[in-house]
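The values are calculated or read from the model by the stated rules, or taken from the named source; none is laboratory data. Because the structure is predicted, anything quoted here is derived from the model rather than measured. Cβ placement follows ideal geometry from the backbone for every residue including glycine, while neighbour counts extend to all protein chains displayed. Note: areas computed on protein heavy atoms with side chains; ligands, DNA, RNA excluded. Shrake-Rupley method; radii C 1.70, N 1.55, O 1.52, S 1.80 Å.
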Amino acid sequence: MEDTNSSNINSLQQIIDKSKNIVFFGGAGVSTESGIPDFRSVDGLYNQKWKYPPETIISSSFFYSNTKEFYRFYREKLLIDGIKPNAAHYKLAELEEKGKLKAIVTQNIDGLHQMAGSKEVYELHGSTLRNYCLNCHKFYDANFIRESENSPDGLPHCNECSGLVKPDVVLYEEGLDDTIIQKSIDAISQADTLIIGGTSLVVYPAAGLIRNFQGKNLVLINKSETAQDAIADLVIHDSIGKILSQIKA
């Protein structure tokens with residue numbers, strides 16, 4: 001008798017084989033397999049090291065009112081050295097190269113999809129790889145933010161105008177980029193298959209974008225249950241990297 005996992009893999013393979021316009025919608029679970037912690041989870045040292053909840057620190061008002069503490073948290077929790085794409089990232093890039101996958105809509109800010117070779121990536125919450133001066137808008141890479149820890153005040157200042165440099169990341173209390181939202185809606189609404197992976201679909205407004213899907217196959221791959229499991233055509237409760245690594249592009 002065929003086990004459930006093998007049956008799911010076969011079902012997913014059949015869906016992918018018949019699809020011509022796949023869109024992948026991904027969340028933190030895609031990146032945790034590369035060793036990036038979900039900053040919402042509270043580690044054992046958290047209460048000793050941080051005076052505020054993550055959602056407070058990664059907010060616009062906190063960034064401007066307590067900038068040094070923001071960057072202390074940001075450098076340690078969101079700028080992870082030596083991270084590399086995992087099996088999920090590489091398989092998605094391969095599916096795009098073969099013409100099956102048309103776009104990736106991601107809630108992640110680590111740039112791992114592009115590192116794996118994906119081209120059409122819509123970053124709903126921005127990217128830690130881009131940082132810009134609030135004054136003159138000159139852009140800087142992630143290393144600039146890391147090294148600014150050694151500046152006189154511990155903050156990243158533009159080397160052109162001395163303005164404060166801010167990560168190109170959507171903080172709490174900030175709105176999503178309208179252009180990225182529209183591109184994501186267009187991609188999802190035109191897809192014949194939507195694969196949702198590594199997200200519990202609780203972060204809005206991002207999670208609300210999947211309501212635009214009008215295609216044939218809705219696939220959910222997540223370790224835990226989601227509120228959308230009941231409406232999906234295929235639900236797999238497992239590691240996104242483990243599942244996608246068994247798919248042939």
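Assess whether residue 98 counts as being touching a strand residue (DSSP E or B) at 6+ places or on another chain (Cβ under 8 Å), among the charged types (D, E, K, R) and open to solvent by 40 Å² or more (accessible area, probe 1.4 Å).
Here the answer is no, as residue 98 does not meet what is asked.
Please list, ordered by first then second residue, the pairs with beta carbon atoms under 6 Å, 6 or more apart or interchain, first in segment 21-35 and of a type in the set (D, E, K, R), second at pLDDT below 95.
Sorted first by the residue in segment 21-35, then by its partner, the pairs are 33/241.
Kindly check whether there is at least one residue in segment 113-134 that is open to solvent by less than 20 Å² (accessible area, probe 1.4 Å), in a strand (DSSP E or B), touching an Asp or Glu at 6+ places or on another chain (Cβ under 9 Å) and of a type in the set (A, V, I, L, M).
Taking every residue of segment 113-134 in turn, none turns out to be open to solvent by less than 20 Å² (accessible area, probe 1.4 Å), in a strand (DSSP E or B), touching an Asp or Glu at 6+ places or on another chain (Cβ under 9 Å) and of a type in the set (A, V, I, L, M).
Only one of (1) more than 30 Å from residue 189 (Cβ to Cβ); (2) not in a helix (DSSP H, G or I) fails for residue 105. Which number is that?
Every condition holds for residue 105 apart from (1).
Inspect segment 194-207 for any residue being outside any loop (DSSP other than H, G, I, E, B), at pLDDT 90 or above and surrounded by fewer than 22 Cβ atoms within 10 Å (Cβ to Cβ) and give the result as yes or no.
No, segment 194-207 contains no residue that is outside any loop (DSSP other than H, G, I, E, B), at pLDDT 90 or above and surrounded by fewer than 22 Cβ atoms within 10 Å (Cβ to Cβ).
If you take just the helices (runs of 4 or more DSSP H) that sit entirely in segment 1-72, which of them hold at least 2 residues that are closer than 23 Å to residue 220 by Cβ and at pLDDT 95 or above?
Answer list for segment 1-72: 4-18.
With respect to residue 121, determine if the residue is touching a His at 6+ places or on another chain (Cβ under 6 Å) and farther than 30 Å from residue 69 by Cβ.
Details: touching a His at 6+ places or on another chain (Cβ under 6 Å): yes; farther than 30 Å from residue 69 by Cβ: yes.
For residue 121, the condition - touching a His at 6+ places or on another chain (Cβ under 6 Å) and farther than 30 Å from residue 69 by Cβ - is met.
For residue 165, indicate whether it is closer than 30 Å to residue 244 by Cα and surrounded by 16 or more Cβ atoms within 10 Å (Cβ to Cβ).
No, not satisfied.
Could you tell me which numbered condition residue 183 fails, if it satisfies all but one of (1) farther than 18 Å from residue 129 by Cβ; (2) open to solvent by less than 70 Å² (accessible area, probe 1.4 Å)?
Residue 183 satisfies all of (1) farther than 18 Å from residue 129 by Cβ; (2) open to solvent by less than 70 Å² (accessible area, probe 1.4 Å) except (2).
Could you run through segment 135-162 and say how many residues are in contact with a helix residue (DSSP H, G or I) (Cβ under 8 Å, 6 or more places away or on another chain), assigned to a loop (DSSP other than H, G, I, E, B), surrounded by fewer than 17 Cβ atoms within 10 Å (Cβ to Cβ) and of a type outside the set (Gly, Ala, Ser)?
Selection size over segment 135-162: 2.
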